[in-house]
Amino acid sequence: MLPAAIVGVTPSVQTACPGGAHGLLYSTRMDVMTLAYDDTLVRMDDAVIELFRRIVVGSQRIPLVWAGVQLKPKKGDQIHVNVGTLIEPTGPFYNDGIISNGAFNFDVSASEEPRLREFFDEAARRAGRPFQTTG
């Protein structure tokens, strides 16, 4: 059984492209973050969010620039978490317009909402997108 946690890993740095012929000369890699629950592991680096489920073979990988999350309250003091590809990838990160594989949705205790929001707020920052709709 994995404890619920968010874990950071020391960042690394990519080297500059010789001669600058490829446009991107320098990129600092961001911390890898992990959100762990009993049967679910959500991993995020600087470009991809990836979900693993203990009872599902394989994983679901989504580029952060296309990713979004839907957090819905559920009976029994639970939150249903749906991570997937946004129908409109320039929209807010927290969104109801999600395309996902239901095998990778999961439920957690409502007391975990601050931890979920911390993790997915950082995903929105890395994706360069607003958290919520404004106005």
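The values are calculated or read from the model by the stated rules, or taken from the named source; none is laboratory data. These figures come from a predicted structure and were not determined experimentally. Note that we place each Cβ from the backbone using ideal geometry, even for glycine, and neighbour counts take in every protein chain shown.
Of all the residues in segment 95-135, those that are surrounded by 18 or more Cβ atoms within 10 Å (Cβ to Cβ) and touching a Pro at 6+ places or on another chain (Cβ under 9 Å) number 3.
Please enumerate the residues belonging to segment 91-104 that are modelled with pLDDT of 90 or more and either in a loop (DSSP other than H, G, I, E, B) or small (Gly, Ala, Ser) (or both). Correct list: GLY91, PRO92, PHE93, ASN95, ASP96, GLY97.
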